[in-house]
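First comes the structure, then the notes that go with it.
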């Protein structure tokens with residue numbers, strides 16, 4: 001059957017386009033959001049945690065609309081763009097007294113997964129104030145961690161869904177395009193790692209990466225009902241050497257092309273980053289290379 005559009009790895013056939021047209025015709029008063037939810041329910045298009053793939057479905061329908069394959073109803077409201085209209089997290093009043101000690105002297109460290117808790121505002125504020133990239137609202141699956149020593153925050157780590165395409169990583173894993181599309185959600189990307197600037201504790205960063213490697217998969221499973229088998233991050237070689245990652249046994253996978261996911265001209269348009277990765281299981285290649293259940 002003729003494929004009319006491929007969007008984020010999903011091939012939409014002529015028959016499915018006809019189904020969407022019929023769905024729109026049967027619900028003439030429904031909004032675009034309501035139609036996307038109806039389509040998700042009709043296709044049983046859900047995330048591993050059971051939630052509808054509403055945002056992806058809405059984007060797919062918009063692509064079909066722009067291509068003249070379906071006619072969506074007019075836009076009823078335009079919610080604020082969280083990227084262009086982002087408000088900085090509220091500042092926090094926090095003890096910035098210097099912490100200078102050995103890792104042993106620092107004492108017990110407590111790692112808390114704080115997404116969807118009241119402490120999340122503290123995390124957002126610390127990242128926005130002290131990380132060189134600032135805070136941006138994550139999209140898709142993600143977890144946030146705050147690390148405390150004697151009830152004082154000392155570090156923040158954020159993890160999110162991995163990029164769909166990453167040449168050096170894909171070659172390292174050795175999976176096919178089909179397996180990548182099916183299994184890329186089984187990777188996690190370390191988007192932010194911050195040791196607060198008044199904390200000077202040798203080996204703290206690599207120690208925390210080791211701790212994260214032991215708990216991240218189970219926390220991801222608990223929230224999203226699927227595991228993760230491989231971790232990755234980007235390091236800007238103009239700023240950092242990635243020493244703490246290497247000390248925690250992460251390996252260099254190569255470098256990005258600097259072109260980004262929306263490249264149209266095949267020319268670098270952003271800084272080239274080194275890609276580092278860490279396998280959570282020796283079987284990661286076997287598990288990630290599976291093309292069918």
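Whether a residue is within 24 Å of residue 224 (Cβ to Cβ), modelled with pLDDT of 80 or more and either surrounded by fewer than 10 Cβ atoms within 10 Å (Cβ to Cβ) or outside the structural domain of residue 135 (by TED's automatic domain parsing) (or both) was assessed, and residue 41 passes this test. Determine whether segment 187-197 contains at least one residue that is crowded, with 20+ Cβ neighbours inside 10 Å, in contact with a strand residue (DSSP E or B) (Cβ under 8 Å, 6 or more places away or on another chain) and assigned to a helix (DSSP H, G or I). No, every residue in segment 187-197 fails to be crowded, with 20+ Cβ neighbours inside 10 Å, in contact with a strand residue (DSSP E or B) (Cβ under 8 Å, 6 or more places away or on another chain) and assigned to a helix (DSSP H, G or I). Inspect segment 151-170 for any residue being crowded, with 20+ Cβ neighbours inside 10 Å, touching a residue at least 40 places away in the same chain (Cβ under 8 Å) and part of a helix (DSSP H, G or I) and give the result as yes or no. For segment 151-170, residues crowded, with 20+ Cβ neighbours inside 10 Å, touching a residue at least 40 places away in the same chain (Cβ under 8 Å) and part of a helix (DSSP H, G or I): present.
Examine segment 97-112 for a residue that is closer than 30 Å to residue 196 by Cα, outside any helix (DSSP H, G or I), modelled with pLDDT under 85 and touching a helix residue (DSSP H, G or I) at 6+ places or on another chain (Cβ under 7 Å), and state whether such a residue exists. No, segment 97-112 contains no residue that is closer than 30 Å to residue 196 by Cα, outside any helix (DSSP H, G or I), modelled with pLDDT under 85 and touching a helix residue (DSSP H, G or I) at 6+ places or on another chain (Cβ under 7 Å). Of the set (1) assigned to a strand (DSSP E or B); (2) surrounded by fewer than 16 Cβ atoms within 10 Å (Cβ to Cβ); (3) under 19 Å from the mean Cα position of the chain (by Cα), all apply to residue 133 but (1). Residues of segment 51-71 that are more than 26 Å from the chain's Cα centre (by Cα) and either assigned to a helix (DSSP H, G or I) or crowded, with 18+ Cβ neighbours inside 10 Å (or both): 65, 66, 70.
The values are calculated or read from the model by the stated rules, or taken from the named source; none is laboratory data. Given the structure is predicted, the values throughout are model-derived calculations rather than measurements. FYI the Cβ positions are ideal-geometry reconstructions off the backbone, even for glycines, and counts take in every protein chain you see.
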